[in-house]
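Chemist: This is the structure, below, for whatever I ask next.
Derivation of every value follows stated rules applied to the coordinates shown; laboratory data play no part. Values in this document were obtained by computation on a predicted structure and should not be read as measured data. With ideal geometry, Cβ positions are generated from the backbone for all residues, glycine too; neighbour counts draw on all protein chains shown.
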Amino acid sequence: MSAPAIGKDSLKTDLVVYLSILALSGVQVALAYQHTRGAQLLVRMLAVALIQAGLGVMYFMHLRDEQRNLRLALIPATIFVMLMMNMFWSDSFRLLHMSPFAK
Amino acid sequence: MSEANLPIRAHAPGMMEASPFAIPSKKLVMWLFIISDAVTFAAILFAYGYIKNASPNWPEPFKFSPSILNVMLMTFVLVSSSLTMLIATRAAKNGDKSAAVRWTFITVAGGLLFALLHLREWSGLIAEGVKLFENPWGSPMFGATFFAITGLHLIHVVGGVIALTVVALGYKRGRYKADDIEIWSLYWHFVDLVWMFVVPMVYLLNVSR
């Protein structure tokens, strides 16, 4: 059985995705030197990183050319696990007032 | 004879269930490994954010020059190596063995250059006094989390360099097939994508202004 993934996209598409990912990295650096700080900056940075990751997974790793079954098996489960890890955050804000690592 | 009484032939071709995803099992295993590794990196980055949030005196040591410039160069090298890996995979799929091996080794060179730039970044910080549980600027956890995250990523890059070298040499000698080049290219792209999250979380959110 041969993998169907490679072959649909041309080198031109690969180059466009490559340049887009590099440009988004530049956007991240520009964001770092804006006046925005804290949670808002984190959200913007992660939004750009997610776009980069999406482009990479779909075009470089050719997940978009695989069967929908595979995408459905991999993506929702991963996102669910990561969202559950998000539960950490509220506790870290609580700990800030107790300064556990400052001493 | 009822169906229940039919003799079962172990691993008979007709009784094997087709792959639910229509991909080779090796490729499915690589995808599952990538997913589990993505969750590992997510956990370590969440832990990093947790510790940073809970520490009031978190240092912001990364100056534009040399640190951020070095990180931008590292990003360029790593993303470019993903492009060369794509070219290698396409060549392998088209049966152009010499081009596939050549582009895979160019990717390996990119990985080695990235590792060298990473070590230069580390040595600069160590020279400034950053150690695992101590640094001149603030929370002592900074060094531990910084070296843990970037170190784990660096191990993945070095592992990828070794794996791509072995697969490229094996492919040249006929031991491995084009599918193997494609499967290991998935790993290499994954290492590249993880860096997209490490850079903003570890470096860009801690720039010195």
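Chemist: List every DSSP H helix in chain B whose Cα atoms extend 30 Å or more along the helix's own long axis and whose mean Kyte-Doolittle hydropathy is at least 1.0. Spell out each step's value before the answer.
Modeler: Details: long enough: B:25-53 (42 Å, 1.05); B:69-93 (36 Å, 1.34); B:97-127 (45 Å, 0.94); B:141-173 (48 Å, 1.42); B:178-198 (31 Å, 0.79).
Span-like helices, by this rule, are B:25-53, B:69-93, B:141-173.
Chemist: Can you compute log10 of I(q)/I(0) for the protein assembly as shown with the Debye formula, treating each Cα as one identical point scatterer, at q = 0.15 Å⁻¹?
Modeler: -1.22
Chemist: To continue, here is another question. Test of understanding: given chain B, find the longest segment containing no GluC sites (Glu not before Pro) that are in a DSSP loop and have at most 13 other Cβ atoms within 10 Å. Write out the running numbers ahead of the final one.
Modeler: Details: sites that count: B:GLU17, B:GLU128.
In chain B, the maximal stretch lacking such sites is B:18-127.
Chemist: I need the P(r) histogram for chain B: all alpha carbon pairs, bin width 10 Å from 0 out to the longest distance, whole percents.
Modeler: Over chain B, the share of Cα pairs per 10 Å bin runs 8, 28, 27, 17, 11, 5, 3, 1, 0 percent.
Chemist: Given Cα pairs under 8 Å that are at least 6 residues apart, what percent is the relative contact order of chain B?
Modeler: 30 percent
Chemist: For the stretch A:9-65, what ratio Rg/Rh do Cα atoms give with a Kirkwood hydrodynamic radius? Present the calculation step by step, with values, prior to reporting the outcome.
Modeler: Working: Rg = 13.2 Å, Rh = 12.2 Å.
Answer for the stretch A:9-65: 1.08.
Chemist: Mind checking A:36-47 for the average number of partner chain beta-carbons within 10 Å of each residue's beta-carbon?
Modeler: Mean partner shielding for this stretch: 2.
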